[in-house]
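Below is one structure, written out as structure tokens; the observations come after it.
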């Protein structure tokens with residue numbers, strides 16, 4: 001009986017109730033969406049590199065080293081000499097080591113020089129290997145493997161030529177040494193998707209006619225001559241390191257940090273990621289707080305709507321009293337209506353969230369490299385929905401108590 005009366009009462013005020021449900025739904029979708037993006041971003045960052053014990057670079061900050069070596073954000077303060085790289089690689093506790101050289105670009109995408117070991121040892125998302133959508137690993141000096149987003153954005157296919165630009169924001173290109181696309185990687189949801197990968201020797205080859213960051217005027221060395229040169233790198237930007245045993249990680253880190261030949265820094269990727277999230281934690285908290293305030297505002301709006309309808313419903317409540325309803329029953333009716341409204345708003349918000357994820361997921365993945373999974377509601381999300389319904393019932397108690405007093409005072413006569 002109460003359910004039927006409450007439902008009929010809500011339908012009699014369909015437009016007002018619908019607007020309230022929409023406001024609650026939008027606020028719930030915003031709150032859950034912010035949480036999805038926040039956790040998705042955190043997971044995507046954490047899944048970018050897996051199975052790497054240490055990252056080595058020139059001495060700077062741990063977050064800075066992580067950003068430029070893994071996420072291709074920013075630049076290194078200095079390089080690591082090839083001799084130091086070889087010393088580290090020769091240590092007995094090093095299982096594998098992958099060099100990385102950064103600095104050039106191709107149409108806003110970063111170019112990374114590395115070795116064939118990168119395709120063997122780079123792991124992401126709980127140990128997944130890189131896989132090729134088409135083509136093969138670097139086979140020639142001027143071959144390149146491109147990430148999924150590079151191929152899709154620029155429309156490249158196997159065999160297409162690529163001209164690498166000198167630096168990140170330079171109009172100078174290495175047109176005399178064009179590359180050829182030999183492979184296209186499958187989608188990973190990591191910065192690899194937006195990377196043009198070449199060999200370390202190729203990085204040296206395209207800079208044969210360059211000195212101190214500038215091209216030597218009037219000098220062009222033919223490719224045939226370049227192929228005969230010793231193209232051993234002089235320096236690298238960073239290196240990914242795997243150790244033979246996890247218990248050796250900290251000892252190796254300390255040895256690299258105390259390396260006497262030049263100032264180096266070795267970081268643990270997981271620890272550096274925690275430092276990164278500590279830096280952005282204030283903004284993360286502020287965003288969550290804004291979402292909570294939006295939900296609270298929607299619930300307060302529902303309370304205001306109930307308040308504004310009380311005078312219009314005083315005769316209705318008086319009739320209920322005449323047929324035997326107690327003041328407590330009328331109070332309970334208003335609370336029950338608020339629960340129905342909040343539940344409908346919460347369900348609408350959940351539906352809007354998943355509809356938004358279906359539409360926005362590929363765009364967010366492409367634009368920002370953030371993979372946001374479309375999973376069933378987790379316990380935390382269900383707890384948010386229950387909390388919204390409980391909060392809706394709580395804020396409705398204020399107008400419900402007002403209705404309780406009015407029903408006691410009015411009887412059959414509505415006072416004006």
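The values are calculated or read from the model by the stated rules, or taken from the named source; none is laboratory data. These numbers come from a predicted model, not from an experiment. Neighbour counts run over all protein chains shown; Cβ positions are idealised from the backbone, glycine included.
Of the residues in segment 165-174, not one is under 29 Å from the mean Cα position of the chain (by Cα) and surrounded by 22 or more Cβ atoms within 10 Å (Cβ to Cβ). Within segment 65-79, the set of residues being modelled with pLDDT of 90 or more and buried (at least 16 other Cβ atoms within 10 Å of the Cβ) comprises 65, 66, 67, 68, 69, 70, 79. When residue 82 is tested against the conditions (1) surrounded by fewer than 17 Cβ atoms within 10 Å (Cβ to Cβ); (2) under 28 Å from the mean Cα position of the chain (by Cα), the lone failure is (2).
Please verify whether segment 355-368 includes one or more residues that are modelled with pLDDT of 85 or more and surrounded by 16 or more Cβ atoms within 10 Å (Cβ to Cβ). So far as segment 355-368 goes, yes, one or more of its residues are modelled with pLDDT of 85 or more and surrounded by 16 or more Cβ atoms within 10 Å (Cβ to Cβ). Criterion first (in the same structural domain as residue 207 (by TED's automatic domain parsing), surrounded by fewer than 17 Cβ atoms within 10 Å (Cβ to Cβ), touching a residue at least 60 places away in the same chain (Cβ under 8 Å) and more than 17 Å from the chain's Cα centre (by Cα)) does residue 128 satisfy it? Taking the combined requirement at face value, the residue satisfies it.
Pairing each residue of segment 369-380 that is outside the structural domain of residue 149 (by TED's automatic domain parsing) with any residue that is part of a loop (DSSP other than H, G, I, E, B) and at pLDDT 80 or above, provided the two are 6+ apart or on different chains, yields C-beta distances under 7 Å for 369/189; 369/190; 371/189.
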